[in-house]
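The values are calculated or read from the model by the stated rules, or taken from the named source; none is laboratory data. Only a predicted model underlies this, so the values are computations on that prediction, with no experimental measurement involved. No Cβ is skipped: glycine too gets one built from the backbone with ideal geometry, and neighbour counts run over all protein chains shown.
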Amino acid sequence: MRHLIRKAGAALVSGLLLAGTAVVSVPAAHAADNPYERGPDPTVASIEARRGPFAVADVSVSRLVSGFGGGTIYYPTTTTAGTFGAVAVAPGYTASQSTMAWLGPRLASQGFVVFTIDTITTSDQPSSRGDQLLRALDYLTTRSSVASRIDDDRLAVMGHSMGGGGSLEAAKDRPSLQAAIPLTPWNTDKTWPEVSTPTLIVGAQNDSIASVRSHAEPFYQSLPSTADKAYLELRGASHFAPNTDNTTIAKYSISWLKRFVDDDLRYDQFLCPAPSTSTTISEYRSTCPY
């Protein structure tokens, strides 16, 4: 339902702007009234920075927890900025949370609680990884030491490879999620018409494990045409590009999470119009404007 309200609100603002210049201040007023807006006005430099405006701490979660394999929670330390949206991040086949650890402080410092998880076994398939992402979010919002810092209506999932396929599984199973970001995703299921969650799929041009032609591109194409969605392809990158600090992945992941988890219209400028191809982006498609 919140996705539909968001789309209707954007359409209303667009229509008012077309009707005349007297309502040019509407978007600014909307932003000022947004209770989820966190941090100063963004710039290209601020979303490309390795650290954002919030100081970050982290806490480990034991593997003995039920439903997933434990992990590390990264969170803003401030207690005066209100609650934050949260995102759970799953690794790929045979991998551990360490391969996604760079995303923890980078996203958390922009105003999110980030949970990089281990899976129950490193060979768990995407459907299991999707279930584990949801269990991790449930743990975050009900039993974790930072539960009081989280708005449980503003949750998202990310993942690499089979973890990326798992993020699609999670979005299919829980439509209330506000965003999904599959990174060089792998899944035997190629069609996702059930997913209404705003989804940014990141593929890698030279991926020989989950080739964009067999995975990321058909995943994107199968998402409903009415959904908020985007496809970003990393130029010259391999399947393992998301396993190391990557400014392009961070920049657009931050923008996507801010736009759809925080409803922060200030980040539209980085997503609409679609970014041009560049030395780091070989292709970008989207259903912009959102």
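For segment 212-238, a residue qualifies if it is touching a His at 6+ places or on another chain (Cβ under 9 Å) and either under 24 Å from Thr99 (Cβ atoms) or not acidic (Asp, Glu) (or both), and exactly one does: Ala227. The test for being under 30 Å from Gly39 (Cβ atoms) and either at pLDDT below 95 or surrounded by fewer than 21 Cβ atoms within 10 Å (Cβ to Cβ) (or both) holds for Thr248.
Against the condition surrounded by fewer than 20 Cβ atoms within 10 Å (Cβ to Cβ) and hydrophobic (A, V, I, L, M, F, W, C), how does Ile209 come out, does it pass? Taking the combined requirement at face value, the residue satisfies it. Counting only residues that are over 17 Å from Ala180 (Cβ atoms) and in a loop (DSSP other than H, G, I, E, B), segment 82-103 holds 8 of them. Here Thr248 clears all of (1) among the β-branched types (Val, Ile, Thr); (2) out of contact with any Ser or Thr (no Cβ under 8 Å at 6 or more places or on another chain); (3) within 19 Å of Glu48 (Cβ to Cβ) except the condition numbered (2). Scan segment 225-239 and tell me whether some residue there is within 11 Å of the chain's Cα centre (by Cα), crowded, with 24+ Cβ neighbours inside 10 Å, over 17 Å from Pro126 (Cα atoms) and modelled with pLDDT of 95 or more. Taking every residue of segment 225-239 in turn, none turns out to be within 11 Å of the chain's Cα centre (by Cα), crowded, with 24+ Cβ neighbours inside 10 Å, over 17 Å from Pro126 (Cα atoms) and modelled with pLDDT of 95 or more.
Contact annotation: residue pairs with Cβ atoms under 7 Å, 6 or more positions apart or on different chains, pairing a residue in segment 202-213 that is farther than 13 Å from Ser282 by Cβ with a partner that is surrounded by 14 or more Cβ atoms within 10 Å (Cβ to Cβ) and hydroxyl-bearing (Ser, Thr, Tyr), are Ala210/Ser161; Ala210/Thr184.
When restricted to residues that are within 17 Å of Ala147 (Cα to Cα) and either among the aliphatic types (A, V, I, L, M) or without any contact (Cβ under 8 Å) to a residue 60 or more places away in the chain (or both), segment 105-123 contains 6.
Scanning segment 256-290 for residues that are within 23 Å of Ser222 (Cα to Cα) and assigned to a helix (DSSP H, G or I) gives Trp256, Leu257, Arg259, Phe260. Pairs meeting the criteria (first residue in segment 268-287 and closer than 9 Å to Arg235 by Cα, second residue at pLDDT 95 or above and buried (at least 17 other Cβ atoms within 10 Å of the Cβ), beta carbons under 6 Å, at least 6 apart or on different chains) are Thr280/Thr248; Ser282/Glu233; Glu283/Glu233. Name the residues in segment 190-200 that are in contact with a Ser or Thr (Cβ under 9 Å, 6 or more places away or on another chain) and without any contact (Cβ under 8 Å) to a residue 40 or more places away in the chain, would you? Within segment 190-200, Lys190, Thr191, Trp192, Pro193, Val195, Thr199 qualify.
The set of residues in segment 66-81 being surrounded by fewer than 24 Cβ atoms within 10 Å (Cβ to Cβ), part of a loop (DSSP other than H, G, I, E, B) and touching an Asp or Glu at 6+ places or on another chain (Cβ under 8 Å) consists of Gly67, Gly69, Gly70.
In segment 39-59, of all residues being surrounded by 13 or more Cβ atoms within 10 Å (Cβ to Cβ) and without any contact (Cβ under 8 Å) to a residue 40 or more places away in the chain, the one that is nearest to Tyr267 (Cα to Cα) corresponds to Ser46.
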